[in-house]
Every structure is written in structure tokens, then in C-alpha cells.
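Have a look at the structure below before the remarks.
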Amino acid sequence: MATEHGSAARPAVALTGATGFIGSGVLVALRARGVPVRALARTPPQDAAPGTAWVPGDLADPAALTELCTGAGALVHLASRVDGGAEECEAVNDRGTAALMAAATRAGVRRIVHLSTAAVYGEGPHADVEVGEVPPAPVSEASRTRLLGERHALAAGGYVLRPGLVTGTGDRWVVPALAELVRRVPVRWEGGSARLSLVDRTDLARLITALALDEHAAPPGVHHASHPGPVRGGDLLAALAALGLLPAPDGPAVPWEECRRLLAAAPGRVSERQFGLIARDHWYRSERIWRLAACPPGPGPLARLPEAAGWYREVLGLSGS
């Protein structure tokens, strides 16, 4: 197990999901701030960097949760189940979160940041939505149980963050889904006019880190956590095409009902519900949390795409082309 380093006066941050897409970015951000980290993992990495102590275990292991939280100044909970059936999702997203929050409360952890998702709102379209304006209506087991998990974090006095689509190095869903969809539905979905809440994982990691570490005016509770400026779907596809990752968007502008018909006629992995998250308005106002956390939101997810281009080429099988 790695030894914690850093200032003895600075308590460690307890982190779940540290080996995942967003969690690995948060781990980098915390290390950059010189913060000691205690991270939970079923199989701790062999090449753990200085400053990180790995706690073997998972959210169903009470002893591991106690070890993770004891002495920590903050808890960042990023581990979640994003697919699977009801029992699998409930075990991690609901019961696992409840157990973790109970351990944090017993340990006296002062600051809690819990990552949820804007997918808890269910099917759109949604446009220019503030927290509380649209009632959650999750349509998948993953989203339903992540909404249940939010309750435990809120009861513990935590920040609950609901980002929209997350892009960047490590993304295995958003851009790969777009690559599939442009083949199955080779038209301009509603003219490319959909406004989407996106955030690059680097910027989201900075926000999570700021909330975990800094004294600021942000109140606990639910916050949207995408980049403040919505992205047009057509602009996202054009930016990916400019990097050589997808074909340039062309074809006629087609309304949603026709897009649905074309999707159904060309079966694939991405569902109609998932298609709707990208092809129709899903825009949730997020500027408040960045301002209150005194965390600049960065240049935006489209400007960040070149940084992840190498990752996407590999994932899309373009690295040899």
C-alpha cells in the first residue's frame, strides 16, 4: 500500500471511483494540489504514485469504508454503476452510497462531494433548466438508483453534482455513440440545433477538487455541473469532423420523429433514449456552481477536444488510419 505524503496538517481526501473515467482525472487534480489521497479500489494499481494510499475493498465492505473515511477531511464519491439490472445498480448506487455516507458521518468527514448525473431527469427535451424546475423522471435502472443515492449524500450534508454529457480522455460513451449514430442515422438530426450540456472531464475534475478542498460560498445541495455554455449538437459533430474523428455532418435536416424511424430501421448498440440525449435539447443551467466555487469553467468542451483526439482515435479504431 502506498504511503500518504503531503503536509501533515492537511487531512487526506477520501476518494471512490479513482480508477474510473472521471475519478482518474480527479486523482490527478488532487495530486497537482499536493493533497494526500486515500482511494478505495477492488484491485489497487501496482504503480501507485506517491501521495496516494490505496484501500482494498468496495462499497459493500464496511471495514474498508471505515478505513477510507477515518481521518479524512473530505470525501469525494465518484464510484457508480452505470449499467445493469435493478439489483446490481441498487447494490452500488443506493445501498453502497448509503453505507459510505454512514461511514463518513461516523468518521466526522466535514465535506462531501457526490457525483450524480443529469440523466436522472429522464427523457427531454429540456432547455435552460435550473435545479428544481424539472422533476426527476429517470428511465433506466442506473439513473433511478443514482437518484436514490443522491438522498444519502444530501442527508449527510453533501454537494450533489449533476453533469450532463462528459467528454475527454477516457470517454467510452459520448463520442463512440456519436460515431455509431452518424452511421445509422446519416442526416442532420433536427438540423443540428439541439443544445446540450457538456463538460470536459478535466474541467469537471477541477470543479470537484475545488469543492472538496476550498472554503467558498457554494451551499451544499444539488447543483448542475456542466460547462456553463450549452453546445449545439451540430457544432459538436463539426468539431469532431475537423479532428478527423467522424465524417463531416451533411445530409438534410430531419425532424425527430423521422430520426427515430431511421434509427429503428438500422439496429445497433445505442438506444433511442440514448440517441435522444444527444439529438434533442438537454441543457441544464450550470453557471452558478462554477461561480460559487470560484472555479473558472475553462474554455469549454469543444476547445478541449483536441487534447483527447489521440484517445478517441484509438477507441474508434482510427489510430492506424
Note to self: Just to confirm, what accessible area per residue do you get for the stretch 266-321 at 1.4 Å probe, in whole Å²?
What the structure shows: 49
Next item on the list: Provide Rg over Rh for the chain; use the alpha carbon set for both Rg and the Kirkwood Rh (inverse mean inverse pair distance).
Entry: 0.97
Notebook entry, point to check: Treating the beta-carbon of each Lys and Arg as +1 and of each Asp and Glu as -1, no other charges, what is the dipole magnitude of the chain about its Cα centre, to the nearest 20 debye?
Noted result: 340
Margin query: Could you identify which residue out of ALA49, ALA102, ALA153 has the top mean-square fluctuation in a GNM of the chain using Cα springs shorter than 10 Å?
Written below: ALA49
Checklist line | Dmax and Rg, reported as Rg then Dmax, of the stretch 276-321 (C-alpha, Å) | finding: 15.4, 45
Notebook entry, point to check: Against the longest alpha carbon principal axis of the chain, how many degrees, from 0 to 90 and to the nearest 10, is the axis of helix 141-155 turned?
Noted result: 40
Next item on the list: Obtain the nm distance between the two label points defined at ARG10 and ALA242 by a simple spin-label model: each point lies 7 Å from its Cα along the Cα-to-C-beta direction.
Entry: 3.7
Next item on the list: Work out how far the C-alpha atoms of the stretch 161-252 reach from end to end along every principal axis, then list the three figures in whole Å, largest first.
Entry: 50, 24, 19
Check: Between GLU130 and VAL82, what length in nm is gained on full extension when 0.36 nm per residue of separation is reduced by their alpha carbon distance?
Finding: 14.9 nm
Next item on the list: Starting at the first residue of the stretch 188-204, write each ³J(HN,Hα) from the Karplus equation 6.51 cos²θ - 1.76 cosθ + 1.60 with θ = phi - 60°, in whole Hz, x for Gly and Pro.
Entry: 8, 5, 6, x, x, 8, 4, 9, 10, 8, 10, 8, 6, 5, 5, 6, 4
Note to self: Considering only protein heavy atoms and a probe of 1.4 Å, how much of the accessible area of the chain is carbon and sulfur, as a whole percent?
What the structure shows: 54
Next item on the list: Once you have the Cα-Cα distance between THR43 and GLU314, take 0.36 nm times their residue separation minus that, and quote the gain in nm to one decimal.
Entry: 95.1 nm
Notebook entry, point to check: Taking a label point 7 Å from the Cα of GLU307 along the Cα→Cβ vector, which residues of the stretch 166-183 have an amide N closer than 19 Å to it?
Noted result: 166-176
Next item on the list: For ALA41, list long-range residues whose amide hydrogen, built 1.01 Å from N in the peptide plane, is under 5 Å from its own amide hydrogen.
Entry: VAL55, GLY57
Checklist line | Low-density loop cleavage sites - trypsin sites (Lys or Arg not before Pro) in the stretch 51-144, where at most 16 other Cβ are within 10 Å (DSSP) | finding: ARG110
Checklist line | Average accessible surface area per residue within the stretch 197-248, 1.4 Å rolling probe, Å² | finding: 31
Notebook entry, point to check: Taking the chain as a Gaussian network, where each spring joins two C-alpha atoms under 10 Å apart, which residue of PRO138, PRO45, PRO247 fluctuates the most?
Noted result: PRO45
Margin query: Can you give me the C-alpha center-to-center distance between the stretch 81-108 and the stretch 14-75, rounded to a whole angstrom?
Written below: 16
Notebook entry, point to check: Roughly speaking, what % of Cα-Cα pairs in the stretch 1-142 are separated by over 23 Å, rounded to a whole number?
Noted result: 39
Notebook entry, point to check: Can you give the translational diffusion coefficient of the stretch 212-280 in µm²/s, computed by Stokes-Einstein from the Kirkwood radius over Cα pairs at 20 °C and 1.002 mPa s?
Noted result: 139
Note to self: Report for the chain the percent antiparallel among DSSP-assigned beta bridges with both residues inside it, nearest 5.
What the structure shows: 5
Checklist line | Helix-only CD estimate at 222 nm, as mean residue ellipticity for the chain, using -39500 (n - 2.57) per DSSP H run (n ≥ 4) | finding: -11000 deg cm²/dmol
Margin query: At 0.36 nm per residue, and after removing the present C-alpha to C-alpha distance, how many nm does the segment from ALA32 to ALA266 gain when stretched out fully?
Written below: 79.7 nm
Check: Taking square-rooted eigenvalues a ≥ b ≥ c of the alpha carbon gyration tensor, is the stretch 244-317 rounded, prolate or oblate, where a/c under 1.5 means rounded and, failing that, a/b exceeding b/c means prolate?
Finding: oblate
Item checked: Whole-percent pair-distance distribution, where bins are 5 Å wide, for the alpha carbons of the stretch 131-284 -> 2, 8, 15, 20, 19, 14, 10, 7, 4, 1, 0
Notebook entry, point to check: How large is Rg/Rh for the stretch 42-106, to two decimals, with Cα atoms and a Kirkwood Rh?
Noted result: 0.99
Next item on the list: Keeping all protein chains in place, calculate the accessible area per residue for the stretch 97-145 (probe 1.4 angstrom), answer in Å².
Entry: 41
Next item on the list: Compute the Rg to Rh ratio over the stretch 79-148 from the alpha carbon atoms, using the Kirkwood formula for Rh, and round to two decimal places.
Entry: 1.04
Item checked: Candidates ALA264, ALA179, ALA218: whichever shows maximal mean-square fluctuation once the chain is modelled as a Gaussian network with Cα springs under 10 Å -> ALA264
Check: Cα-Cα pairs above 16 Å in the stretch 26-65: how many percent?
Finding: 36
Checklist line | Net dipole in debye of the stretch 133-242 [+1 Lys, Arg Cβ; -1 Asp, Glu Cβ; about Cα centre; nearest 20] | finding: 360
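The values are calculated or read from the model by the stated rules, or taken from the named source; none is laboratory data. Everything quoted here is computed from the prediction, not taken from an experiment. Virtual Cβ from ideal backbone geometry, glycine too; neighbours counted across all protein chains shown. Only protein heavy atoms, including side chains, enter the accessible area calculation; ligands, DNA and RNA are left aside. Shrake-Rupley method; radii C 1.70, N 1.55, O 1.52, S 1.80 Å.
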